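Working notes, beginning with the structure itself.
Each reported figure results from applying straightforward, stated rules to the coordinates on display, with no laboratory input. Note that the coordinates shown come from a computational prediction; the quantities given were computed from them, not determined experimentally. We place every Cβ from the backbone using ideal geometry, glycine too, and count neighbours over all the protein chains shown.
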Amino acid sequence: MAATAEGFPVVMRGYHRVQVDELLGRVRAALDGSGPPLTADDVRQARFDVVMRGYDRRAVDALLQETVLELQAMAATSAAPRHRRPHIQPEWLVGWVHSVRFPRAIARQGYVMADVDAFLDRVIAGLRGTQPPVSARDVREATFRTARFNGAYDEQDVDRFLAQLAAALEQD
């Protein structure tokens with residue numbers, strides 16, 4: 001018996017070598033993520049022609065059984081719930097909220113600075129535990145009075161920051 005590149009012995013009557021090699025190539029690509037997904041059932045249902053000078057059937061069947069187990073393990077891992085993003089430390093959030101600076105709405109309407117600042121102070125107090133915590137929903141539903149000229153922050157910048165803050169608070 002001669003061995004092949006796949007390591008299977010070639011026997012007088014065995015599995016069609018090209019068919020086996022093609023399936024094993026698909027399996028390799030599925031396992032390393034470079035090809036389309038392949039399920040354990042796909043491998044179980046594979047059938048090969050029996051030809052003269054083909055791969056030893058027992059050796060191929062043994063490898064395919066190991067492959068089925070690998071594909072089942074991979075499917076179980078990918079079906080497991082995804083881990084949430086890492087928890088953001090309240091101290092980091094306090095520093096981030098405390099250091100935010102918004103441009104002023106000079107010649108257009110914007111949010112009243114005192115309202116925005118008071119809300120952000122409340123967020124910080126909630127993160128420090130000195131007041132009830134502010135939820136992501138509270139941040140998304142926050143409303144502010146509007147004004148023109150010097151006493152107002154740019155609405156788009158405040159809204160963008162609040163969306164990011166709400167996303168960070170949802171991780172808790």
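Placing +1 on the Cβ of every Lys and Arg and -1 on the Cβ of every Asp and Glu, with nothing else charged, gives the range 2-79 a dipole about its Cα centre of roughly 280 debye. The GluC sites (Glu not before Pro) of the range 107-172 meeting both criteria, a DSSP state outside H, G, I, E and B (loop) and at most 12 other C-beta atoms within 10 angstrom of the site's C-beta, are Glu141. Here the contact order of the range 90-170, divided by its residue count and restricted to Cα pairs under 8 Å and six or more residues apart, works out to 43 percent. Exposed loop sites were defined as trypsin sites (Lys or Arg not before Pro) in DSSP loop states (anything but H, G, I, E or B) carrying at most 15 other C-beta atoms within 10 Å; in the chain the longest segment without such a site runs 1-46.
The helix-only estimate of mean residue ellipticity at 222 nm for the chain, built from DSSP H runs of length n ≥ 4 each weighted as -39500 (n - 2.57), is -17000 deg cm²/dmol after division by the residue total. A crude spin-label estimate for the pair Gln156 and Arg101, with each label 7 Å from Cα along the Cβ direction, gives 2.0 nm. With N counted as the residues of the chain, its alpha-carbon radius of gyration over 2.2 N^0.38 Å works out to 1.99. Count Lys and Arg as plus one, Asp and Glu as minus one, and take only other residues whose Cβ is under 14 Å from that of Arg140; the net charge is then -2. Other residues within the sphere of radius under 10 Å centred on the Cβ of Val68, judged by their own Cβ, net out at -3 (K and R +1, D and E -1).
Based on the Stokes-Einstein relation at 10 °C and a viscosity of 1.306 mPa s, and on the Kirkwood radius from alpha carbon pairs, the range 2-79 is assigned a translational diffusion coefficient of 123 µm²/s. With R₀ fixed at 30 Å, the C-beta to C-beta distance from Ser34 to Trp92 puts the FRET efficiency at about 0.20. This model, with +1 at the C-beta of Lys and Arg and -1 at the C-beta of Asp and Glu, gives the range 90-170 a dipole about its Cα centre of some 180 debye. Of the Cα atoms belonging to the range 83-154, the radius of gyration and Dmax stand at 14.0, 46 Å.
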